[in-house]
Structures are given as C-alpha cells and as structure tokens.
Amino acid sequence: MPWSHRFGPLGRSLVTVAAGAGSAFVGTFAHRMGASMNIPYGLVLAFLIVGLSTYAARARQGAVGIGLHLTVSSTVAWGLAIVGGPGGDVLTVAGFGAEVPFMSQHAGYIWLYGVIALQVLLLVLPARWFVIPPRRVS
C-alpha cells in the first residue's frame, strides 16, 4: 500500500488535510497562468493538481477523505481569494471593468467554483475506481 494508506485514521486525516491545503494553495497561484492570452494552461494545471489530490484522498479514506479535502481546499482557495495584500492586491482576480480577454476576466470564478465542482464530481464516481490493490509479492 502507498505510504499514506499505512497510517491510522488520524494520520490519514492529517495527510488529507495537508494535501487539500497544499493543492489549493499551489492551484491559487497557478490558475492565472496563460489567462491573459486566453490559453488557460494554468487553470488546467491547477485542476489537475486538485483532482489528483482529491483522487488520493478518496482512495485513502473514501467519502470522508473527500469531505475533509473539499472542506480544507475550498477554505484555502476562497480564503486566499478574499485576503488582500498591501495596496488592495488579491491573488484571485475575478471580473474587470476594462476590455480584457475572456479568461482574464473569468479565470478566478472558474477556479473558485471549479475546485468545488471537481471534488463533488469525484465524490459521485463509482467507489471501485478508487481502490488501490495491494502489491503482490513475486
């Protein structure tokens, strides 16, 4: 079994919480890459990171793992969206009054709502897709 599956319930929960926070933190910084050119490769990368982390959380702990991961990752993503820096700068920009490319205007909204939608989608998929069989000793 993978290393994170060998822990007890508390250890698996701590790994899931750390993975959820880390994936949302990295995704928040990555989601705007390419948005100014209407090529949202950063958004794709951010969703890939969160999706893989969510897959591991469900394989590790089932629906409880996704619940923990969803709670932590969405809290981190939305928390970083509302926290402003000095001078009013924000990490998740959503909507503009000026004429800018579509992805520049909407990447923030897509990221914030997509983090939740992606994890809910992984929750409703069949449980057998998330089973990691033990290694066979030859």
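The values are calculated or read from the model by the stated rules, or taken from the named source; none is laboratory data. Quick caveat: nothing in here was measured; it's all calculated off a predicted structure. Every residue, glycine as well, gets a Cβ built from its backbone with ideal geometry; the counts of neighbours run over all protein chains shown. Side chains are part of the model used for accessible areas, which takes the heavy atoms of the whole protein and leaves out ligands, DNA and RNA. Shrake-Rupley method; radii C 1.70, N 1.55, O 1.52, S 1.80 Å.
Could we say that VAL120 is assigned to a helix (DSSP H, G or I) and under 24 Å from LEU43 (Cβ atoms) here? Here the answer is yes, as VAL120 does meet what is asked. Among the residues of segment 23-44, those that are assigned to a helix (DSSP H, G or I), open to solvent by 70 Å² or more (accessible area, probe 1.4 Å) and in contact (Cβ under 8 Å) with a residue 12 or more places away in the chain comprise PHE25, VAL26, PHE29, SER36, MET37.
The one condition from (1) in contact with a Lys or Arg (Cβ under 9 Å, 6 or more places away or on another chain); (2) closer than 30 Å to LEU10 by Cα; (3) not hydrophobic (A, V, I, L, M, F, W, C) that GLY114 does not meet is (1).
Every test in (1) surrounded by fewer than 19 Cβ atoms within 10 Å (Cβ to Cβ); (2) at pLDDT below 90 is passed by THR92 save one, and that test is (1).
So which residues in segment 5-22 are open to solvent by 10 Å² or more (accessible area, probe 1.4 Å), not in a loop (DSSP other than H, G, I, E, B) and not β-branched (Val, Ile, Thr)? Listed by number, the residues that qualify are HIS5, PRO9, LEU10, GLY11, ARG12, SER13, LEU14, ALA18, ALA19, ALA21, GLY22. Reported count of residues in segment 119-138, each being open to solvent by less than 90 Å² (accessible area, probe 1.4 Å), closer than 27 Å to ARG6 by Cβ and aliphatic (A, V, I, L, M), is 5. Selection of segment 104-118 for residues being touching a residue at least 12 places away in the same chain (Cβ under 8 Å) and either open to solvent by 20 Å² or more (accessible area, probe 1.4 Å) or within 16 Å of LEU70 (Cα to Cα) (or both) yields HIS106, TYR109, ILE110, TRP111, LEU112, GLY114, VAL115, ILE116, LEU118. Reported count of residues in segment 1-38, each being of a type in the set (A, V, I, L, M) and either at pLDDT below 90 or more than 21 Å from the chain's Cα centre (by Cα) (or both), is 4.
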